[in-house]
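Below: the structure, in structure tokens.
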Ligand SMILES: [Fe+2]
Ligand SMILES: [Fe+2]
């Protein structure tokens with residue numbers, strides 16, 4: 001793949017896209033901390049753990065995008081992040097919101113990819129990497145939501161199963177044995 005020398009406008013646009021993505025990922029981290037806190041407060045310690053652990057993923061995404069900029073000599077900054085939703089009607093709302101947020105993130109990455117591809121900028125590789133990453137993220141949160149539905153509203157059953165969601169690979173779609 002030939003990556004042409006970018007014009008100043010293209011570099012500014014790439015820089016803005018990276019900056020927005022870093023902030024968005026940090027807001028994801030913050031949102032999942034809020035969800036973890038809500039779950040803990042509502043006697044769902046295992047679900048709280050799931051969300052708290054997932055914050056690491058989001059932090060790593062933010063740093064990955066940041067490093068991608070730094071490697072190109074672009075200074076990407078950390079903030080400001082906005083205050084995220086912290087009150088929920090019930091667990092279903094938490095789970096639906098988390099999936100919706102992942103879909104929003106996927107759409108941002110898709111937009112980054114389309115611009116990078118059109119302009120042939122240095123964001124192509126990282127956007128491609130995160131299109132794949134987002135597929136996995138969506139699958140994970142989709143499977144958590146399906147688990148809640150399978151547990152037919154039993155918080156006790158859900159709490160017993162949520163810890164296994166990642167390790168048992170239940171969220172993997174497109175994994176038929178060949
Ligand atoms: Fe992320
Ligand atoms: Fe995510």
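Just a few scattered comments:
Each row is one residue, and each column tells you yes or no for (1) more than 12 Å from ligand 1 (Cβ to nearest atom); (2) under 15 Å from residue 14 (Cβ atoms).
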| residue | (1), (2) |
| --- | --- |
| 47 | yes, no |
| 57 | no, no |
| 64 | no, no |
| 79 | yes, no |
| 87 | yes, no |
| 94 | yes, no |
| 108 | no, yes |
| 117 | yes, yes |
| 127 | yes, yes |
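- First in region 153-178 and at pLDDT 90 or above, second anywhere and assigned to a loop (DSSP other than H, G, I, E, B), Cβ under 7 Å, 6 or more apart: 155/44; 157/151; 158/151; 159/44; 161/151
- Failed item in (1) under 24 Å from residue 158 (Cβ atoms); (2) surrounded by 19 or more Cβ atoms within 10 Å (Cβ to Cβ), with residue 90 passing the rest: (2)
- Residue 99 vs. criteria under 14 Å from residue 21 (Cβ atoms) and modelled with pLDDT of 95 or more: no
- Any hit, region 24-42, residues being within 16 Å of ligand 1 (Cβ to nearest atom) and either at pLDDT below 95 or under 20 Å from residue 115 (Cα atoms) (or both): yes
The values are calculated or read from the model by the stated rules, or taken from the named source; none is laboratory data. Note that the structure is predicted; figures quoted are calculated from it, not measured. Every residue, glycine among them, receives a Cβ derived from its backbone with ideal geometry; neighbour counts consider all protein chains shown.
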